[in-house]
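Read through the structure below, which is laid out as structure tokens, and then see the notes.
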């Protein structure tokens, strides 16, 4: 029997945290490894408990969720963890910062329970959780603030023309099935292009691919 996915729940609102714990623990393939109410405790508990996924709130005392995410999954972390950030619409300006800090994805706090559970399972597999519609709303809304890196030349990308097409469609919030339909190729071929693209660019997942695309001026 496969061991359940172990989840650390971090939210400073006890009622919200209790709700998350109850939903997660009710699933046979998931279990709550621990819970806490601030970012510093999240970092310390994650180091001790080694959960498969950390569900992280953004606004918390002592250390906010973005900095906690950076310490758990940032570019300088030797063994980055998997962090699923939860936020609300009025905090959507923080989402881009959270993704850059190393989060594997994000959900809105008013998402239904099944979407939360799907998000945890998705992130646990090593995939990124980028809901297409939310991606268009949030990343797209703040795209004008994401300036291309000054020391990078978009024309110097190592990607093939088809890999660039796939990257741009990912940045537009398209799912694999939508990309396959747009390019008239199979979903397995899309997965192959995505894997090659991530490997060439040294990126961990689709979240980082979206950030890369905006940062390097490959999409507008």
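Figures for the structure shown
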quantity: Residues located in the stretch 179-190, provided they are without any contact (Cβ under 8 Å) to a residue 12 or more places away in the chain and in a helix (DSSP H, G or I); calculated: 180, 181, 187, 188, 189
quantity: The stretch 160-178, subset free of Cβ contacts under 8 Å to residues at least 24 places away in the same chain and within 17 Å of residue 208 (Cβ to Cβ), residue surrounded by the most Cβ atoms within 10 Å (Cβ to Cβ); calculated: 169
quantity: Residue ranges of strands (runs of 3 or more DSSP E) in the stretch 1-70 with at least 3 members more than 20 Å from the chain's Cα centre (by Cα) and closer than 22 Å to residue 118 by Cα; calculated: 30-36
quantity: Tally of residues being closer than 15 Å to residue 86 by Cβ and surrounded by 17 or more Cβ atoms within 10 Å (Cβ to Cβ) across the stretch 57-71; calculated: 8
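Throughout, read-outs are computed from the coordinates displayed, never taken from laboratory work. Note that the structure is predicted; figures quoted are calculated from it, not measured. Using ideal geometry, Cβ is built from the backbone for each residue, glycine included, and neighbour counts are taken over all protein chains shown.
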